[in-house]
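Before any comments, here is the structure.
The values are calculated or read from the model by the stated rules, or taken from the named source; none is laboratory data. Only a predicted model underlies this, so the values are computations on that prediction, with no experimental measurement involved. All Cβ positions, glycine included, derive from the backbone under ideal geometry; neighbour counts span all protein chains shown. These accessible areas exclude ligands, DNA and RNA; they are computed on the full protein's heavy atoms, side chains included. Shrake-Rupley method; radii C 1.70, N 1.55, O 1.52, S 1.80 Å.
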Amino acid sequence: MPSLLITKVREQARGVRSFDLRPDPAGETHGVAFVPGQVAVLAVPGEAPTYFAFASAPEDAELEVLVKQKMGASNVIFDMKPGDRIELLEVAGHGFDLDEQKGKDLVFVAMGTGVAPLRSALRHVLKRKNDFGQLVVLYGARTPDDFCYRDETEHWEGGGVELRQVISRPDGHDWSGPTGYVQTLLDHVLPELNSPVALVCGSREMIEQTKDRLQQMGFAPEAILTNY
C-alpha cells in the first residue's frame, strides 16, 4: 500500500478535522481502490495503527478521512500539516454494496464522525442519482458545533436529499431543531418510503439501538447495512 501525502486540512467540527490525501508521488503512483464505506488503516511512527473510514467517494480526486482529536495515532495525525505523510497499511471492512440497492430508497443514519463513511456512500450515490429512489440523511450530534460538513449540507439538499439533523445536548445553544438521539428521527421518515434500505454508522451502542428500532418498524435484517 502507498504512503499518503496530506494535501489539505480543514476544521470540520469541535476537535474534528478532515484530511485530504493522495498517494505519495515519490512512492507508488497507483490510486487506492475502495468501496464506499470502507476503512483505511493508517499508521504514524510510534503509535499503533488506527482505523479511519473514507469520507470521500471512490471516484473523488482525493482521498479524505475525518480525524477526531483523542489519543494515539488520531492525536498525532490531528496535528499534522499539508506535506506530511501517513502510511496506508490496508483497506478494511466490506463497505456498502450500493449496486445491490439500485431502485431502492436509501436512509443514511449517522452519529458524530460516523458521517464519514455515509458521506462516501452519499457522494457516490449523488453522482448516479437516477439509479436510486428517495435519499434521506438523518444525522445526530451532541451539539450544533459537532456537525461535520456543514458547508456541504445545502449541496446535499439541492441534490434532492432530505436532511434531518438532531442534537442530544441543546442547553446553551441556539437550536430550533429536534433534540434527542438520531434514532428518534426514524419514526417521522420511514412511513413515507418504499422498500427502504438503511445505512447505519456510529458508535457500537448507537448501531445496535438503531438496528433494534428499525427491526421493530418492520425492516428485514438484510435491509440494515453497516460498513464494517
Practice problem: Could you tell me which residue of region 146-205 is most open to solvent (accessible area, probe 1.4 Å), considering only residues that are assigned to a strand (DSSP E or B), within 30 Å of Asp20 (Cβ to Cβ) and not aliphatic (A, V, I, L, M)? | Solution: Arg164
Quiz item: Given the conditions (1) free of Cβ contacts under 8 Å to residues at least 60 places away in the same chain; (2) open to solvent by 20 Å² or more (accessible area, probe 1.4 Å); (3) not in a loop (DSSP other than H, G, I, E, B), and given that Val137 satisfies all but one, which numbered condition is not satisfied?
Solution: (2)
Quiz item: Residues of region 51-86 being of a type in the set (Ser, Thr, Tyr) and assigned to a helix (DSSP H, G or I), which ones?
Solution: Ser74
Quiz item: Among the numbered criteria (1) polar (S, T, N, Q); (2) modelled with pLDDT of 90 or more; (3) part of a loop (DSSP other than H, G, I, E, B), which single criterion is violated by Thr113?
Solution: (3)
Exercise. Among residues belonging to region 66-78 that are touching an Asp or Glu at 6+ places or on another chain (Cβ under 9 Å) and surrounded by 15 or more Cβ atoms within 10 Å (Cβ to Cβ), point out the one that is farthest from Gly15 (Cα to Cα).
Key: Ala73
Quiz item: If we keep just the residues of region 44-55 that are touching a residue at least 60 places away in the same chain (Cβ under 8 Å) and not aliphatic (A, V, I, L, M), which is surrounded by the fewest Cβ atoms within 10 Å (Cβ to Cβ)?
Solution: Phe52
Quiz item: Quick check: anything in region 98-113 of a type in the set (Ser, Thr, Tyr) and open to solvent by 70 Å² or more (accessible area, probe 1.4 Å)?
Solution: no
Quiz item: What is the residue count in region 116-134 for residues that are open to solvent by less than 30 Å² (accessible area, probe 1.4 Å) and either at pLDDT below 95 or touching a strand residue (DSSP E or B) at 6+ places or on another chain (Cβ under 8 Å) (or both)?
Solution: 9
Quiz item: Can you tell me which of Pro36, Pro58 is out of contact with any strand residue (DSSP E or B) (no Cβ under 9 Å at 6 or more places or on another chain) and surrounded by 16 or more Cβ atoms within 10 Å (Cβ to Cβ)?
Solution: Pro58
Exercise. Would you check which residues across region 116-134 are in a helix (DSSP H, G or I) and polar (S, T, N, Q) and list them?
Key: Ser120, Asn130
